Structure formats: structure tokens, C-alpha cells
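Written out below as C-alpha cells is the structure these notes cover.
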Amino acid sequence: MIPLCSPQQARTPSALALGSFDGLHAGHRRVIDAVCQEPHGGVPTVVSFWPHPREVLHGEARLRLDLPEEKLSLLQPLGIEQLVLVPFDQDLARLSAEEFVRTMLLETLQARHIAVGANFRFGRGRLGTTETLQTLCRQSGAQVTVLPILEDASGAMSSSRIRAALSEGDLAMAQQLLGRPYRFSGTVVQGRGLGHTIGWPTANLQVDGRKFLPGLGVYAAWAQVGDEDVHLPAVMNLGPQPTVDPNSPSAVEVHLLDTNRELVGQRLTVEPVQRLRGQQRFSGLEELSAQIGRDAQMARTTLRA
């Protein structure tokens with residue numbers, strides 16, 4: 001696995017793909033290819049800010065399609081050798097574009113080549129543009145590659161389109177935009193055991209609160225336990241429990257189909273495949289159990305397709 005490191009720990013000199021790259025869609029991968037496909041005399045590196053600048057500057061929660069640890073396995077096959085997270089704080093936000101390029105990119109990371117998308121902005125007040133970056137780097141001899149924004153029939157390729165598809169439960173569109181299945185992971189924690197009493201035991205998943213999750217509903221899904229290379233069919237409920245406890249917070253509950261395993265304490269990776277229905281409130285546990293049975297059968301049919 002490639003390393004996740006701070007700027008001071010990074011191997012240098014470097015060839016940098018600079019941006020958030022949340023979702024690593026085709027447009028992102030084109031920027032990354034620019035520092036991996038040709039020798040530039042530097043370690044192929046992705047550089048991103050953490051946390052997101054808008055979290056620090058405006059107090060906005062920014063949920064991520066890919067958490068930093070998840071990005072490592074996605075970046076390695078592309079030819080990237082390290083992921084550098086630049087800690088974003090008020091001190092960094094006060095740096096001018098020129099100061100950021102000089103101190104962080106040229107001095108600390110010793111960039112020989114920098115690749116960015118055409119909409120990249122940086123420095124205090126986001127005043128730095130791609131033209132600014134090219135001018136500053138030309139003085140030091142570092143090469144800059146600016147990649148145009150990739151578009152398809154529906155417009156610019158963007159992380160916001162992927163989030164919109166996931167929010168609508170459109171996993172097929174999200175996969176098309178991502179170029180890979182959408183997945184998330186969490187640790188199985190002890191629940192109330194109600195699923196056992198109605199014949200549908202569920203794994204209650206504790207997911208990192210910074211991870212972007214699909215819209216509420218019931219899904220057919222694949223599940224993987226730990227590092228096992230086995231995809232288990234499952235039905236997943238994402239959201240509160242309107243029948244059992246209408247006031248409960250949203251939760252992720254996964255029932256492995258036709259499998260009986262003790263999962264508490266283990267890590268579970270979930271790949272939702274299709275949204276089966278929205279959330280409903282039933283008259284009681286018997287009606288809820290019957291509906292879960294129908295959901296399970298629909299999930300089996302969907303996953304066999």
C-alpha cells in the first residue's frame with residue numbers, strides 16, 4: 001500500500017497532481033495520469049488538503065466520497081507512489097498564492113512537475129489561478145500541466161454529480177461516473193438484537209461520520225467481511241427505524257442473505273447495488289418481518305442478474 005503522509009514526510013523531489021480528487025472520476029484520473037505516464041524526475045504524488053478548506057473557512061460539513069485511507073488502494077494502480085495531505089488551517093488560508101507555491105510546493109515538496117485541472121484555485125481568497133501557478137513555477141523551472149475539464153453528454157464530470165446520483169439512490173449512474181462500484185466500510189457494533197427476534201438478524205454498522213452515504217432506503221448489496229475476498233449477498237437498510245423507533249437516528253443495518261455469522265467487532269465493506277424501496281412505517285413487527293422477507297427475495301433476484 002502506498003503511504004499517506006504529511007508534506008514534511010514526503011519523498012522528494014516530486015511530480016504532483018494537485019486537487020481534492022474526491023471520487024477519483026475520469027476527469028481526476030486524467031490529471032493524475034499527467035504525472036505518472038512520463039518521467040518527470042520526481043516521485044508521482046497526489047497532494048490534497050485535509051480537512052476541506054470550506055470546513056475551516058465557512059464551517060461547512062464536507063462529506064467525502066473517498067476518505068484518505070480509502071484513496072490509497074485506488075491511487076496505487078494509477079501509478080501514484082504517495083498521498084500527501086496538507087493540513088488546512090487558518091495559517092495556511094492566509095498564505096498568498098505566491099507564498100503557497102514557494103513554501104509548500106517548491107521548497108517542501110520540491111515539485112518538478114505539477115498537474116491541475118483548469119478550474120483549480122488556490123491561495124488567500126482563492127486568488128491564485130492556473131495562470132498564476134504557471135507564472136510562479138516558470139521562474140523556478142518546474143513544469144505545469146493544466147488539464148481541461150472533462151465533459152460527457154450531461155455536462156462537466158464532477159464529484160457533485162456523483163453525490164447527486166447517490167442521494168437519489170441511483171447506484172448505476174454513480175458507478176458509471178466513478179468508473180467503479182461505490183463502496184463504504186464500517187465496524188459492526190452490538191445492536192438491540194431486535195432483528196434476531198423477528199428472524200432477520202442484522203449487522204449494525206458504525207461508519208465514519210465524514211463518509212458520504214447514499215439516500216435513505218432499502219438496498220440490494222454485496223458485503224465483504226474483513227479482508228476476505230468473498231462477496232456475500234445482502235439486503236441493507238439505510239436510515240432511521242420508523243416502525244421500531246421513529247425517533248432513532250439514521251443507521252446502517254446489513255442482513256447477510258442465507259448466511260449466519262457472528263460479525264460484531266469485524267469490519268464490513270458494503271457495495272450497494274440497487275435501491276429496492278424507500279423507508280416505510282409498518283403497523284407492527286409482523287408486517288415489518290414480512291416486508292423484509294420480500295426485500296430479501298428482491299435482493300436475491302437483483303444480485304443474481
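The values are calculated or read from the model by the stated rules, or taken from the named source; none is laboratory data. Keep in mind that what you see is a predicted model, and the values were worked out from it rather than measured. Quick reminder, even Gly has a Cβ in these numbers, built from the backbone with ideal geometry, and neighbours come from all protein chains shown.
Just a few scattered comments:
- Taking the criterion of being closer than 14 Å to residue 83 by Cα and in contact with a helix residue (DSSP H, G or I) (Cβ under 8 Å, 6 or more places away or on another chain), the residues of segment 13-28 that qualify are 15, 16, 17, 18, 19, 20, 21, 22, 24.
- Residues being without any contact (Cβ under 8 Å) to a residue 40 or more places away in the chain, part of a strand (DSSP E or B) and of a type in the set (A, V, I, L, M, F, W, C) - total across segment 123-155: 2
One line per residue, one yes/no per condition, for (1) at pLDDT 95 or above; (2) buried (at least 17 other Cβ atoms within 10 Å of the Cβ); (3) out of contact with any helix residue (DSSP H, G or I) (no Cβ under 8 Å at 6 or more places or on another chain):
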| residue | (1), (2), (3) |
| --- | --- |
| 46 | yes, yes, no |
| 71 | yes, yes, yes |
| 76 | yes, no, yes |
| 84 | yes, yes, no |
| 95 | yes, yes, no |
| 131 | yes, no, yes |
| 139 | no, no, yes |
| 153 | no, no, yes |
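- Screening segment 172-184 for residues that are outside any loop (DSSP other than H, G, I, E, B) and in contact with a helix residue (DSSP H, G or I) (Cβ under 8 Å, 6 or more places away or on another chain) and picking the one that is surrounded by the fewest Cβ atoms within 10 Å (Cβ to Cβ) gives 173.
Table: residues versus (1) of a type outside the set (A, V, I, L, M, F, W, C); (2) in a loop (DSSP other than H, G, I, E, B); (3) under 20 Å from residue 24 (Cα atoms).
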{"position": "76", "(1), (2), (3)": "yes, no, yes"}
{"position": "84", "(1), (2), (3)": "no, no, yes"}
{"position": "100", "(1), (2), (3)": "no, no, no"}
{"position": "105", "(1), (2), (3)": "no, no, no"}
{"position": "112", "(1), (2), (3)": "yes, no, no"}
{"position": "120", "(1), (2), (3)": "no, yes, yes"}
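- Hits in segment 230-283 (condition: at positive phi, at pLDDT below 95 and outside any strand (DSSP E or B)): 258
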